[in-house]
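Worksheet: one structure, shown below.
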Amino acid sequence: MTTARVVPKKMESRVTIIGLGVSDLKVSTKFYEEKFGWTKTDDSNENISFFNLNGILLSLYPREKLAEDATVDHEGSGFKGFTLAYNTRSKQEVNDLIEELSGKGVKIVKEPQEVFWGGYSSYIADPDQNLWEIVYNPYLQIDESGNV
């Protein structure tokens, strides 16, 4: 008896969830709700928070539990090796957002400035020091819904 060999399809080019391990779920959830003005999805509960980001979900989950699920050590400090980006439609929008976030007590890591590749960017940090780039990229078109 022979068995047919199943050839797997290639992995589709997409991201469905960006999961952040956070030190305090309540504090981090409050940050994204109050500082960014985002609304949790109905799937959120006392153990996890979800935010819909134009078809991608951002999930916040306790750092130790996320590390346990991935079977890795939860300790770590310094630069995490990744950033998240919020692209704007203009330089002025970068300035306006940074001014608003600064007024809400958000840590500004890098003030808005021209960058070597032709864009205009700033960085902020969430309560777990995850870096968000607030950036205008003149080479990237953003539609009415905020999608690239």
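Rule-based calculations on the coordinates, nothing more; no lab input. Only a predicted model underlies this, so the values are computations on that prediction, with no experimental measurement involved. Cβ atoms come from the backbone with ideal geometry, glycine included; neighbour counts cover every protein chain shown.
Computed values, structure above
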{"read-out": "Phi to ³J(HN,Hα) by Karplus 6.51 cos²θ - 1.76 cosθ + 1.60 over segment 102-108, Hz, x for Gly, Pro", "value": "4, x, 8, x, 6, 6, 8"}
{"read-out": "Test item: Cα-centred dipole of segment 1-102, Lys/Arg +1 and Asp/Glu -1 on Cβ, debye", "value": "600 debye"}
{"read-out": "Ranked packing of 140-146, 31-37, most packed first, by mean Cβ within 10 Å", "value": "31-37, 140-146"}
{"read-out": "Reachable lysines, given that their alpha-carbon falls under 25 Å from the alpha-carbon of Lys110 and they are not under 8 places away in the same chain", "value": "Lys30, Lys35, Lys80, Lys91"}
{"read-out": "Cα-based Rg / Dmax (Å) for the chain", "value": "18.3, 71"}
{"read-out": "Sum of -39500 (n - 2.57) over DSSP H runs of 4+, divided by residues of the chain (222 nm, nearest 500)", "value": "-6000 deg cm²/dmol"}
{"read-out": "Spatially proximal aspartates and glutamates relative to Lys26 (Cα-Cα < 17 Å; intrachain offsets below 8 disregarded)", "value": "Glu34, Asp42, Asp43, Glu46, Glu64, Asp126, Asp128"}
{"read-out": "log10 of Debye I(q)/I(0), alpha-carbon scatterers only, for segment 14-76 at 0.11 Å⁻¹", "value": "-0.24"}
{"read-out": "Cα-based equivalent ellipsoid of segment 83-148: semi-axis lengths in Å, sorted from largest, via gyration tensor", "value": "19, 13, 12"}
{"read-out": "Per-pair calculated FRET efficiency, R0 = 41 Å: Ala4 and Val27 via Cβ, rounded to 0.05", "value": "0.20"}
{"read-out": "Top of Lys40, Lys26, Lys65 by mean-square fluctuation, Gaussian network on the chain, Cα under 10 Å", "value": "Lys65"}
